[in-house]
Amino acid sequence: MINLNLRDPRPIYEQVKDNLRHLIVSGALPENYKLPSVREMAGELAINPNTIQRAYRELENEGYICTVPGKGSFTCGKQGGGSRREELLIKFDEIVTELRYLGITSGELLQRMEGVKPQ
């Protein structure tokens, strides 16, 4: 489920967070999926539970997971991710502006967004 790379310069909690985010965004973890408890995941990955707690807390702040007291942590629906959504839209605007400057047409951008890679 989650792959950690000890040679990666990023902190472990960030790797856990990025792995979980990718699983949620890709649909590998469906909406309302119950995530393993902090202790379970820490045991599976052989890392400190505080590391998992930090990753879960940041994912919750970004709107990817929701914690229900006494029940656990669950993946949120697409309505979540408010602050993360705004952050990504700002980055998107910056990238599109630069691509337009480099000569990429609106049509090429739309094709890319629709998943059709230019040949």
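Each reported figure results from applying straightforward, stated rules to the coordinates on display, with no laboratory input. Owing to the predicted nature of the structure, the values given are computational and were not obtained by experimental measurement. Backbone-built Cβ (ideal geometry, glycine too); neighbour counts: all protein chains shown.
Tabulated values for the structure
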{"read-out": "Under-5 Å amide H pairs with G63, H placed in peptide plane, nonlocal only", "value": "G81"}
{"read-out": "Gained length - E114 relative to K34, 0.36 nm times residue gap less alpha-carbon distance", "value": "25.7 nm"}
{"read-out": "L20, L6 arranged by Cβ crowding within 10 Å, fewest neighbours leading", "value": "L6, L20"}
{"read-out": "Radius 11 Å from Cβ of S106, net charge of other residues (Lys, Arg +1; Asp, Glu -1)", "value": "+1"}
{"read-out": "FRET efficiency estimate (nearest 0.05) - Cβ-Cβ, N50 to F92, R0 35 angstrom", "value": "0.60"}
{"read-out": "The chain: calculated mean residue ellipticity at 222 nm from DSSP helix runs of at least 4, using -39500 (n - 2.57)", "value": "-17500 deg cm²/dmol"}
{"read-out": "FRET efficiency for N61 and R100, using Cβ-Cβ distance with R0 set to 35 Å, rounded to 0.05", "value": "0.60"}
{"read-out": "Prolate/oblate/rounded call for the chain, Cα gyration tensor, a/c under 1.5 rounded", "value": "prolate"}
{"read-out": "Sparse-neighbour loop sites [chymotrypsin sites (Phe, Trp or Tyr not before Pro); segment 1-82; at most 16 other C-beta within 10 Å; DSSP]", "value": "Y33"}
{"read-out": "Estimated dipole of the chain in Debye, rounded to 20 [Cβ of Lys and Arg +1, of Asp and Glu -1, Cα centre]", "value": "260 debye"}
{"read-out": "Relative contact order [Cα under 8 Å, 6+ residues apart], the chain, whole percent", "value": "20 percent"}
{"read-out": "In sequence order, calculated HN-Hα J values of segment 40-50 (Karplus, 6.51, -1.76, 1.60; Hz; x Gly/Pro)", "value": "4, 5, 4, x, 4, 8, 6, 10, 5, x, 4"}
